[in-house]
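Here is the structure we will look at.
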Amino acid sequence: MNIIAAVDSSWGIGKNNQLLFNVSQDKKYFREMTTGKTIIMGRKTFESLPCGPLPGRDNIVLSHSSDFDNSSEITVCHSFEEIKNIIKYIDPDDIFVIGGEEIYKLFISLCDTAYITKISSFFPADKHMINLDENNEWKRISCSECYYFNNTAFRFAVYKRNNI
């Protein structure tokens, strides 16, 4: 399975249930990586999407709330085990965990690849991704050249879980 996230210099991912930054190249990268795939997210991440379910993807939403709307366009699961049962027949390379903070923590042990857009700025964040640069289980295997958006530098990095 895969993780995909955009992080700031302290691995912040969001504040007040919103993304920290809006970088068009990152959105394009996210769309290219996840279209045609299964994406897993938490309820708060789902509710922060401006247009509802992401098109061209199988949207799985984890919600502990039994009254969360189970529309026909998404699959709502109420436990980690329920999601594991649903995805066991899907090619792990076709599954992307897209957030938020608690979902990343919950699923990271099942993931072996992380696609991280690293924004070279600090933003005040109340939600963070696990810092893979400081985690001995992960190794950065590639990093793109430096790009700029509104005078902010960013790179696309790929991490792989070490074979321990």
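The table below gives the values:
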quantity	calculated
Under 17 Å from the Cα of Lys27 - lysines, other chains or at least 8 residues apart	Lys37, Lys118
Virtual spin-label span in nm between Asp93 and Ala153, 7 Å along Cα→Cβ	3.3 nm
Förster radius 30 Å - calculated FRET efficiency between Glu102 and Ile141, Cβ distance, rounded to 0.05	0.70
Local electrostatic count at Ile90 - Lys and Arg +1, Asp and Glu -1, tallied over other residues with Cβ under 15 Å	-2
Candidates per chymotrypsin sites (Phe, Trp or Tyr not before Pro) in segment 1-50, loop by DSSP, up to 11 other Cβ within 10 Å	none
Chain lengthening between Ser71 and Glu32 when straightened (0.36 nm per residue, less Cα-Cα)	11.6 nm
Residue-span extension gain [Glu134 to Glu82] - 0.36 nm each, minus C-alpha spacing	15.6 nm
Rel. contact order, % - alpha carbon contacts under 8 angstrom, at least six apart, segment 2-161	33 percent
Neighbour cut-off at most 12 other Cβ (10 Å), DSSP loop, chymotrypsin sites (Phe, Trp or Tyr not before Pro), segment 103-164	Phe122
Calculated [θ] (222 nm, deg cm²/dmol) that DSSP helices of n ≥ 4 give over the chain, each run adding -39,500 (n - 2.57)	-5000 deg cm²/dmol
Sum of side-chain charges, Lys118 neighbourhood, beta-carbon under 11 Å (Lys, Arg +1; Asp, Glu -1)	-1
Where GluC sites (Glu not before Pro) fall in DSSP loop in segment 82-164, at most 15 other Cβ within 10 Å	Glu137, Glu145
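Bear in mind that the values in this text are calculations on the coordinates, not laboratory data. Since we're looking at a predicted model, the values are computed, not measured. FYI the Cβ positions are ideal-geometry reconstructions off the backbone, even for glycines, and counts take in every protein chain you see.
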